[in-house]
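Working notes, beginning with the structure itself.
The values are calculated or read from the model by the stated rules, or taken from the named source; none is laboratory data. Since the structure is predicted, the reported quantities are computational estimates derived from the model, not experimental observations. Note that each Cβ is placed from the backbone with ideal geometry, even for glycine, and that neighbours are counted across all protein chains shown. For the accessible areas, the whole protein counts, side chains as well, though only heavy atoms, and no ligand, DNA or RNA atoms are used. Shrake-Rupley method; radii C 1.70, N 1.55, O 1.52, S 1.80 Å.
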Amino acid sequence: MKQNFDSLLVPPNHPSRSKSDSYYINSECMLRAHTSAHQVDLVRMGFDMFLVFGDVYRRDSIDAQHYPVFHQVDGVRLFTENELFSKVVNSSGVSLFEDGTRVSDKQASHTLETSKLTEHDLKQTLLGLTHHLFGKDIKSRWIDTTFPFTHPSWELEVQYQDEWLEVLGCGIMEQELLKSAGASNKIGWAFGLGLDRLAMKLYDIPDIRAFWSKDKRFLSQFKDVDPDTTVKYKPFSKHPPCTNDISFWVPDQFSPSDFYDLVRTVGGDMIEQVELVDEFLHPKTQKTSHCYRIVYRHMGRVLIQEEVNEIHRQIGETSVTQLGVEVRW
């Protein structure tokens, strides 16, 4: 938890710390929630520029765009005063730091020159990455946002297939974070992006579960392909779905994320989507009922209704024993 949140200045009440968002093993250990968890350790080891690739784990809704484990890449670039101001024609009298005021476009300890030069380098670097992925003519825009570990912060969006697509989040690293990592004399920027959803867009892959498939009909489409070759996924099957609803009275402190995890555990990758379709408060008992619609679809074969019904029954029974719900069969 220290690496995931504390080292990155994530406040104790931040939503990302919630048990409904992250996977906890105990009060001190958890599954990696983002590759940013390694930033402080790597800076402390003396790295001034690095990329971190890895799998991360989040509790989320179940649909074609979300999976409890996915892949991220984080990038960091640090500068000394000489490095940052090396291209400034007359850099006499300028410095990285000041005892100033925190405003929308800079941190209290950064001079305005420092913040603007770092922002320029960050945005030019990431626009170069974007042009490489989507083409030099792609339209893009920067959206102001907030992250606990950067300020100022932005999201980069591109206009792709007639819609604005969020590509990544980024910003100037909080100086307090760098100080804790032993790099108080440097300034830096950082970015992070999700690889799975980006690949889904670039290759026209409709379902995130495909990345975990061992089906050769999927894997062969990307085997030994040159990175500069344009590849578009060719669907090899589209089996019909089976849809079953389940309703139950929920206990106090019930979390939909717990139910999503349970459904995924019991049904595995046969679960395509889980959606809350109805919520009802009984006027007399004041008990709350949830109705979830579960879409079953295997990516490699046709499911029969009897098979689905058995899995659905197991989901109901397991929900009773593990979540304390009262199923309305």
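About its Cα centre, the dipole of the chain is roughly 420 debye, where the only charges are +1 on Lys and Arg Cβ and -1 on Asp and Glu Cβ. The C-alpha atoms of the chain define a longest principal axis, and helix 256-267 lies at about 60 degrees to it.
When the Cα positions of W142, Q107, T118 are compared along the charge dipole of region 39-153, W142 comes out farthest toward the positive end, with charges on each C-beta of Lys, Arg, Asp and Glu. Considering only P15, A33, F53, and ranking their Cα positions along the charge dipole of region 1-57 that arises from unit charges at the beta-carbon of Lys, Arg, Asp and Glu, the one farthest toward the positive end is P15. By the rule of a C-alpha distance below 19 Å, with chain neighbours fewer than 8 residues away ignored, the aspartates and glutamates paired with K214 are D55, D196, D204, D224, D269, E272. Each of N82, L177, Y67 was placed along the dipole of region 59-178 (beta-carbon charges, centred on the mean Cα), and the one lying farthest toward the positive end is N82. For the pair region 198-254 and region 57-99, the centres of their Cα atoms are 30 angstrom apart. In a simple Cβ point-charge model (Lys, Arg +1; Asp, Glu -1; nothing else charged), region 13-96 has a dipole of about 120 debye relative to its Cα centre. Taking all protein chains as shown and a probe of 1.4 angstrom, F97 keeps an accessible surface of around 70 Å². Restricting the GluC sites (Glu not before Pro) of region 72-160 to loop positions (DSSP other than H, G, I, E, B) with no more than 16 neighbouring Cβ atoms within 10 Å leaves E98. In the assembled protein chains, Y24 presents an accessible area of approximately 70 Å² (probe radius 1.4 Å).
In the context of the full protein assembly, D252 retains an accessible surface of approximately 140 Å², using a probe radius of 1.4 Å and ignoring ligands and nucleic acids.
Suppose every Lys and Arg Cβ carries +1 and every Asp and Glu Cβ carries -1, with no other charges. What dipole size does region 50-158 come out with about its Cα centre, to the nearest 20 debye? So the dipole magnitude of region 50-158 works out to roughly 180 debye. Take the residue pairs K139/K186; K123/K186; K2/K136 and return only those whose Cα atoms are more than 30 Å apart. Distance filter (> 30 Å) returns K139/K186; K2/K136. Annotation for region 114-146: trypsin sites (Lys or Arg not before Pro) lying in DSSP loop with at most 12 further Cβ atoms inside 10 Å of their Cβ are K136, K139. Which angle from 0 to 90°, rounded to the nearest 10, does the C-alpha axis of helix 112-134 make with the longest principal axis of the chain? Long axis of 112-134 versus the principal axis of the chain: about 50 degrees. Think of it as helices only: each DSSP H run of n ≥ 4 in the chain is worth -39500 (n - 2.57), and spread over all residues that comes to -7500 deg cm²/dmol at 222 nm.
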